[in-house]
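Structure first, then comments.
No lab work stands behind these numbers, since they all come straight from the coordinates. Everything numeric here is computed off the predicted structure, so don't read it as measured data. Please note: Cβ atoms are built from the backbone with ideal geometry, for glycine as well, and neighbour counts cover all protein chains shown.
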Amino acid sequence: MEKFLKFLKTEAIGGHIIRLSLVGLLLFGGFTKLILAGAMENNLIGAIFLAAIETFAAFGLLIHYRIPLYGLIGSALAIVAIIIRLIFSYNWVKDTILRTDSYLQAINSFLGTYNNGLFHIILLLGASIYCMGNSFKAYIRHRITQPWPH
């Protein structure tokens with residue numbers, strides 16, 4: 001039984017590491033997007049919007065420890081930001097490297113050229129889904145243990 005309890009403690013520590021790593025990556029990506037917007041000649045409003053989504057997601061994931069509902073919202077925002085990042089990356093490879101208008105022609109080059117970036121995006125997406133499930137579990141536990149309203 002003690003080995004099983006140690007495993008649960010290890011899983012909890014791993015969950016904290018995943019959550020805090022995702023927060024760090026979202027904050028780093030959120031703040032540096034504003035700097036990279038000028039260098040990459042992208043739309044500044046779009047960069048500010050994406051930075052705001054990632055920053056709010058990171059703060060929601062941090063507040064999860066006090067209010068699980070905010071962790072749930074932060075996880076959903078993180079998934080949205082990562083999907084936007086994936087679409088942006090695909091369009092960047094299509095427009096910059098291939099200089100083509102065809103999305104079908106770009107998919108092979110995108111998978112071949114951008115595979116390292118895709119790996120990181122998939123890891124971020126998996127961490128966001130994990131955090132969403134963890135926040136949902138904590139939210140349900142909080143709702144069940146909360147006293148009935150009078």
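Details
- Cα shape, region 60-150, gyration tensor, a/c 1.5 rule: prolate
- Computed FRET value (nearest 0.05) for S89 with E11, which takes r as the C-beta separation and R₀ as 30 Å: 0.45
- Estimated FRET transfer efficiency when R0 is 41 angstrom, pair I67-I107 (beta carbons, to 0.05): 0.50
- Shown for V80, V93: other C-beta atoms within 10 Å of each C-beta, ranked fewest to most, produce the order V80, V93.
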